[in-house]
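Everything below concerns the one structure shown next.
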């Protein structure tokens, strides 16, 4: 993974790198992606419809927790897929999932070829030197302790004119839960999720062009506070630096369940929680040479410019 900011420089609402690493290890032990990630993947895939470019190859970034394999392959059945995980724990989980699928494949008529799994940083990329035509990163925007570094990795793996599809949780997610904790004087229950306009700015800083950010608000419901808390834990848990530093007592949990049952109850008797989902799309443009008395352009950038000009002339 890329270097993370110093923990002393992070605000209380920022993700704690140590807590994030611990939650990633727990998520990697699951059997598959949580249903929310699979549902967001389905919605993100719907945004592929108006895109004319048909990628010959694509990277499934953080594939194990993203849960987007089936919906993307339905759009691009002939495209070569590469799995790149941001951590070694998730890479091992993806390899385990691939092995399990391989053992089951002889029972089916449709056998998927084994896909190599890589962990960042990728030293020897097997795809074409110019990069892939699409990078798919479902439910990743909120899960990184170094968002600029992750976006730089995405940019590096994409070919010129290749495009990015990404998603994550927005700032309205769990607003009801944060209000409960604030009113009760408790420490933070979640990190502060990044606004989609700030994410668009970060994509531009990373070298992408024409970022298109979109959002939608979902209301999820449960029949009890216990079911709600169990569900939230599968999503990754609380990684805010300002979270309660130690273990909670049984008495505190009983108090939490009681207040959630009262404060989050809807007219239909179920408990509701807001989830804001942010979607992003951007393109890797042709690199621009900054002209001056002496201008230096890398060989790879020069080749990319020539290829682009040749296609335009044709």
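Things to note:
- Relative contact order (percent, whole number), the range 37-76, Cα cutoff 8 Å, 6+ residue spacing: 61 percent
- Relative pair counts by distance (%), Cα atoms of the range 44-166, 5 Å bins: 2, 10, 22, 25, 21, 13, 5, 1, 0
- Quotient of Cα Rg and 2.2 N^0.38 Å for the range 201-280, N being how many residues it contains: 1.50
- Label point of residue 53 set 7 angstrom out along Cα-Cβ; within the range 115-142, amide nitrogens under 13 Å from it belong to 130-136.
Quick note: the coordinates plus some simple rules give every number you see, no bench work behind them. This is a predicted model, so every value here is computed, not measured. As a convention, Cβ positions derive from the backbone with ideal geometry for all residues, glycine included, and neighbour counts pool all protein chains shown.
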